[in-house]
Each structure stands twice: as C-alpha cells, then as structure tokens.
Amino acid sequence: MAKLIKQVEGKKAYIGILSEQEIKEAEQLMDSLLEAIPTLEDELETRYHGIIQKNRLEFAHEYGSKLRELLKFHNVKEYQKTIFFQQIRHFASQDDTLPKDRSESREILDYYYRLANYPLEEAKLINWSEWSQIFDIPALSKDERIIHWLLTVSKEKKISREIFRELTTGLRLYTKNKDLSFLTEDQLNQKLSNVLFMSKEKINLYAKFFTDRGIKPTKARLTQKKKYREKYFSEAFHDLKYKSENTSLKELCNSVFINVYKPQNL
C-alpha cells in the first residue's frame, strides 16, 4: 500500500499516523512523482505542442497509460486512487493547461486513467468529449459490458454526435438505480440496443414533425431541451414495460414523441 500525501489548506499533510520509515516512503513517492509527472508533461507538450485540443484523446490516453504504470509501480490500491491523483495535481503537475476536474468525484486524471484501460485504436472509436460524457455517468463506466457494447456499435458505424447526446441521456436514465448484474450479456445488449433505437428514432421524429415541415416546437421545448429529452426517454421506458406484442418499438417511440413534443397540425 502506497504512503500518500494530501493537501490541507495549501500545505502537505501525511495521511494517518506514520512511522519514521513510512514518512520516508511517503517522501520518496512524492520525489518520484515530482520527477515523473513534469517529465511526462514536457514530453507530451513537445509531442502535441499547439495541437493538444485537436488530439485530446491521444494526449489523454498517453497520460493515462503513464498513470497506470505509476499506480502499479507505487502499489497504489484502488481505494487510494483519488488521493493519488489529487497528490499529482496539487504537487507534481506543472501543466497549466490541465483541464479542471469536472467535480470532486469527476477527476480529469481519473478519466485519463480509465481511458487508457482500452487500446488506443479502440478508444479512438469514440471521441474525447463523448468519453467524458460516458465517464460522467457512474453506472456506465462501472459496468464494463456497457462500454464494450458502445465500442462494438461504434466499430460497426460511427455514432453521430447528435445521436450520442440522446443516447447518453437514455443510458443515464435507464441505468439509474438499477442492478444490471443479473442480466446476461445478450439480454443487456438487447436493452442497450433498444435505447439506441429510441435515440435514433427521436432524431428522425424531430426531423419529421418539425425540421422537414419548417416549424419549431414550443418555446419551453426549445429552451428546456434537457427536460424534454429526459421526459421522452422516461415515458418511453415506462411504456416499454407495458408494450403489447402488436406494438412495435417504432410505433411506441412515435406515440411518446407526439405526447412529449406535441407537434401541431398533424
């Protein structure tokens, strides 16, 4: 188990009551990070100078791969990861362009670490902003089968940004407070495929009832897009539970869309 140091009111603080030897080990680990992280960031800056944003995924994957090496080398346990990443950010990182953490539980270095769990060529099937959306949803990154499904689908055909936005909303609502572990892989894949179908169908229905007719939905539905996007999926999941065998998923989506978005002059 690694002996880590955290930041308390801007100062270094050892975690727990450490012996003289353990303090020495904590300082040695800190010294190692103070050398390894700036070196890594200098190498990445040289390689991606001026094109980091364009190549954020490759940059993140390479940074994450180094983090994985460091965790293994320093024997950092799973439950210590958060403090380890904070130690790097607060004391070792010299990169002024390192993105801010998305929240206390959504650390950018943890996202880099997770991304590097996948071979680069597979990771590139999904762009960086979409990976960030995935990692923002705990249930998605918790069950590796969901990410495997996403990669498989993306390998067959790239999911457009517009559909991906709908899909992540649908997946977030579908997985919320659910235990999916009892589902077989085939059963889970079928349910995830249903969410993808609903996502694509929503885009098609919006075009059919609004864009293609040159009209817009109500002001509330234009200004509160997230609310109505969630309402569409919530109602679709509810109706799916009680769908008769004679009703197709396409028909269900059509009915839900009309109920939620209320297009006029049908």
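The values are calculated or read from the model by the stated rules, or taken from the named source; none is laboratory data. On a predicted model such as this, the values are computed, not experimentally measured, just so you know. Because the Cβ atoms are built from the backbone with ideal geometry, glycine has one as well, and the counts that use them run over all protein chains shown.
Determine if the range 159-170 includes at least one residue that is touching a helix residue (DSSP H, G or I) at 6+ places or on another chain (Cβ under 7 Å), farther than 22 Å from LEU115 by Cα and among the aliphatic types (A, V, I, L, M).
Within the range 159-170, none of the residues are touching a helix residue (DSSP H, G or I) at 6+ places or on another chain (Cβ under 7 Å), farther than 22 Å from LEU115 by Cα and among the aliphatic types (A, V, I, L, M).
Using the structure shown, decide if ILE83 is touching a Ser or Thr at 6+ places or on another chain (Cβ under 7 Å) and under 25 Å from ALA13 (Cα atoms).
So ILE83 does not fit the description; no.
Condition first: touching a Lys or Arg at 6+ places or on another chain (Cβ under 6 Å), part of a helix (DSSP H, G or I) and under 17 Å from LEU71 (Cα atoms). Now tell me which residues in the range 1-27 satisfy that.
GLU25, ALA26
Confirm whether ILE147 is touching a residue at least 12 places away in the same chain (Cβ under 8 Å), under 23 Å from LYS225 (Cα atoms) and surrounded by 15 or more Cβ atoms within 10 Å (Cβ to Cβ).
Working: touching a residue at least 12 places away in the same chain (Cβ under 8 Å): yes; under 23 Å from LYS225 (Cα atoms): no; surrounded by 15 or more Cβ atoms within 10 Å (Cβ to Cβ): yes.
Against the criterion (touching a residue at least 12 places away in the same chain (Cβ under 8 Å), under 23 Å from LYS225 (Cα atoms) and surrounded by 15 or more Cβ atoms within 10 Å (Cβ to Cβ)), ILE147 does not qualify.
Look through the range 160-195, keep the residues that are under 12 Å from ALA236 (Cβ atoms) and more than 16 Å from the chain's Cα centre (by Cα), and return whichever of them is surrounded by the fewest Cβ atoms within 10 Å (Cβ to Cβ). Break it down stepwise before answering.
The initial filter retains those residues of the range 160-195 that are under 12 Å from ALA236 (Cβ atoms), namely 166, 169-170, 173-174, 194-195.
Applying the additional criterion that residues be more than 16 Å from the chain's Cα centre (by Cα) yields 194-195.
Numbers: ASN194: 18, VAL195: 23.
Looking at residues that are under 12 Å from ALA236 (Cβ atoms) and more than 16 Å from the chain's Cα centre (by Cα), I get ASN194.
Determine which member of the set LYS227, LYS208, LYS202 is closer than 20 Å to TYR261 by Cα, crowded, with 18+ Cβ neighbours inside 10 Å and at pLDDT 95 or above.
Values: LYS227 fails: crowded, with 18+ Cβ neighbours inside 10 Å; LYS208 fails: crowded, with 18+ Cβ neighbours inside 10 Å.
The unique qualifying residue is LYS202.
Give the range 235-259 a look and list any residue that's outside any helix (DSSP H, G or I) and at pLDDT 95 or above, or say none.
Initial filter on the range 235-259 (outside any helix (DSSP H, G or I)): 242-248.
The answer is SER248, and nothing else.
Condition check ((1) modelled with pLDDT of 95 or more; (2) in a loop (DSSP other than H, G, I, E, B); (3) assigned by TED's automatic domain parsing to the domain that holds LYS155) across all residues:
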| position | (1), (2), (3) |
| --- | --- |
| LEU29 | yes, no, no |
| SER32 | yes, no, no |
| GLU45 | no, no, no |
| ARG68 | yes, no, no |
| TYR79 | no, no, no |
| THR82 | no, no, no |
| GLN86 | no, no, no |
| ASP101 | no, yes, no |
| TYR112 | yes, no, no |
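Exactly one condition in (1) polar (S, T, N, Q); (2) over 19 Å from ASP136 (Cα atoms); (3) without any contact (Cβ under 8 Å) to a residue 60 or more places away in the chain; (4) part of a helix (DSSP H, G or I) is false for GLN53; which is it?
Only one criterion in (1) polar (S, T, N, Q); (2) over 19 Å from ASP136 (Cα atoms); (3) without any contact (Cβ under 8 Å) to a residue 60 or more places away in the chain; (4) part of a helix (DSSP H, G or I) is unmet by GLN53, namely (4).
Only one of (1) closer than 19 Å to ILE203 by Cα; (2) touching a Pro at 6+ places or on another chain (Cβ under 9 Å) is not met by SER160, so which one is it?
With (1) closer than 19 Å to ILE203 by Cα; (2) touching a Pro at 6+ places or on another chain (Cβ under 9 Å) applied to SER160, the lone miss is (2).
Mind listing whichever residues of the range 80-116 are of a type in the set (A, V, I, L, M) and either touching a helix residue (DSSP H, G or I) at 6+ places or on another chain (Cβ under 8 Å) or touching a residue at least 12 places away in the same chain (Cβ under 8 Å) (or both)? Spell out how you get there, then give the answer.
First, the residues of the range 80-116 that are of a type in the set (A, V, I, L, M): 83, 88, 92, 98, 108-109, 115-116.
Of everything in the range 80-116, those that are of a type in the set (A, V, I, L, M) and either touching a helix residue (DSSP H, G or I) at 6+ places or on another chain (Cβ under 8 Å) or touching a residue at least 12 places away in the same chain (Cβ under 8 Å) (or both) turn out to be ILE83, ILE88, ALA92, LEU98, LEU109, LEU115, ALA116.
A quick yes/no check of all residues on (1) under 30 Å from HIS148 (Cβ atoms); (2) assigned to a helix (DSSP H, G or I); (3) in contact with a Ser or Thr (Cβ under 9 Å, 6 or more places away or on another chain); (4) polar (S, T, N, Q):
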site: GLN190; (1), (2), (3), (4): yes, yes, no, yes
site: SER193; (1), (2), (3), (4): yes, yes, no, yes
site: MET198; (1), (2), (3), (4): yes, yes, no, no
site: LYS202; (1), (2), (3), (4): yes, yes, no, no
site: LEU205; (1), (2), (3), (4): yes, yes, no, no
site: LYS208; (1), (2), (3), (4): no, yes, no, no
site: ILE215; (1), (2), (3), (4): no, no, no, no
site: ARG221; (1), (2), (3), (4): no, yes, no, no
site: LYS226; (1), (2), (3), (4): yes, yes, yes, no
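So which residues in the range 138-186 are among the aromatic types (Phe, Trp, Tyr) and part of a helix (DSSP H, G or I), if there are any at all? Explain how you work it out, then say what you get.
Of the residues in the range 138-186, the ones among the aromatic types (Phe, Trp, Tyr) are 149, 164, 174, 182.
Residues satisfying the conditions are TRP149, PHE164, TYR174.
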